[in-house]
Amino acid sequence: MLKFISSSLFGDLILPDISETFKWFPLQLPFMVAMKLMLAPMENLTTPVFRELARNHACDLAFTEMARLSALARNNKSTLEKITIHHASTQIQIIGNKESKLRKFLEHYQPPIDKNAFRGINLNLGCPSPNFTNKGLGAAMMKRTAKINSMIKTVRDYSMPVSIKMRLGLNHYEKTKKVYLSLVENTDADFYIIHARHGKETYQDKPDYGIFPAVARTGKTIIANGNIDSAKKVQVLKDMGVKGVMIGRAAIRDPAIFERLKGKTPTTLEKLQNEFEQLKKTYGSKEKLILGRRPKEQKTRG
Ligand SMILES: Cc1cc2nc3c(=O)[nH]c(=O)nc-3n(C[C@H](O)[C@H](O)[C@H](O)COP(=O)(O)O)c2cc1C
């Protein structure tokens, strides 16, 4: 069995004020704001190359786009390419609910050459697409806390950190029943990323940041997600007790957003696009992303 995470590997750069949960998460700058800045998983957008770009411009932690557990368990080549990690600190996001398949994948997983870059596994409990929810996956798994704990334990058996990305419930009813709060209270992940919409809401619906104070009061490490694009919003969320923010579409429109939020001089879009092209050459990638454009927003995204 492979064991990737050793406390010495992640212990070196920790400053004393960092929470226990982020033991494995080295600080990059001494003056860094306390809030962690994370790049959201986005299918066909947060490619290995884009994640490298974000890393070079102040993103603390990135996530691969969701990878189907069944494809990972059978070593599907294109799925493995999507979860390739170079140097950016990254968690691999998986969607699935079979511990046996998770074990099969983790047993064979080869960490990147830069071993510090692999930061663990993220469980997708937020995807609202019927392709997944009809099979009991994604947002349809949010109520299954025993199953979630069993998946978490499986990852921990391999000494890897594990986080959860979730919505507020599969639908409005589940939100009113505070399914999100029960999930956070009754499971034991290292941290929880909450996209503050339920599974039937679209990007036209406003995320409900009002849920964050109660979830933060559980004492668990909460990361907020949904329409976050300004220092003002980050401050509002920080005041509510969340420990970090995850940024999706705004980082495609403006990959310098992480620099902006850390008070650094933002790199120009032109320079970023040039660097992106250079990174593509370095890693032999042919993707055609034009930075600065608004990504397509289908209503069934996680
Ligand atoms: C094109 C696209 C693809 C996405 N793919 C995923 C995915 O693979 N896994 C996931 O958990 N969320 C996915 N999402 C949702 C984002 O991670 C994020 O939760 C959502 O966009 C809200 O954050 P934002 O307002 O900062 O974009 C996707 C979103 C978009 C727009």
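The values are calculated or read from the model by the stated rules, or taken from the named source; none is laboratory data. Because the structure is predicted, anything quoted here is derived from the model rather than measured. Quick reminder, even Gly has a Cβ in these numbers, built from the backbone with ideal geometry, and neighbours come from all protein chains shown.
Remark: pairs (first residue in the stretch 133-153, buried (at least 16 other Cβ atoms within 10 Å of the Cβ); second residue modelled with pLDDT under 95; Cβ separation under 7 Å; 6+ apart in sequence or on different chains) = GLY138/GLY302.
Just one of the listed residues (LYS280, LYS233) is over 24 Å from ASN124 (Cα atoms), modelled with pLDDT of 95 or more and within 12 Å of the ligand (Cβ to nearest atom), and it is LYS233.
This table checks each residue for (1) at pLDDT 75 or above; (2) in contact with a His (Cβ under 6 Å, 6 or more places away or on another chain); (3) at positive phi.
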| position | (1), (2), (3) |
| --- | --- |
| LEU2 | no, no, no |
| LEU39 | yes, no, no |
| GLU52 | yes, yes, no |
| MET66 | yes, no, no |
| SER70 | yes, no, no |
| LYS98 | yes, no, no |
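Of all residues in the stretch 127-141, at least one satisfies being outside any loop (DSSP other than H, G, I, E, B) and within 17 Å of ALA40 (Cα to Cα).
Scanning the stretch 35-60 for residues that are touching a Gly at 6+ places or on another chain (Cβ under 8 Å) and more than 11 Å from the ligand (Cβ to nearest atom) returns MET35, LYS36, LEU37, ASP60.
Restricting ASN97, ASN76 to those that are without any contact (Cβ under 8 Å) to a residue 24 or more places away in the chain, of a type in the set (S, T, N, Q) and farther than 15 Å from PHE118 by Cα reduces the list to ASN76.
Exactly one of these conditions fails for TYR209: (1) more than 16 Å from the ligand (Cβ to nearest atom); (2) in contact with a strand residue (DSSP E or B) (Cβ under 9 Å, 6 or more places away or on another chain); (3) hydroxyl-bearing (Ser, Thr, Tyr). Give me its number. So TYR209 meets the others, but not (1). For the stretch 242-277, a residue qualifies if it is among the aliphatic types (A, V, I, L, M) and either within 12 Å of the ligand (Cβ to nearest atom) or in contact with a Pro (Cβ under 7 Å, 6 or more places away or on another chain) (or both), and the qualifying residues are VAL245, MET246, ILE247, ALA250, ALA251, ILE252, ALA256, ILE257, LEU272.
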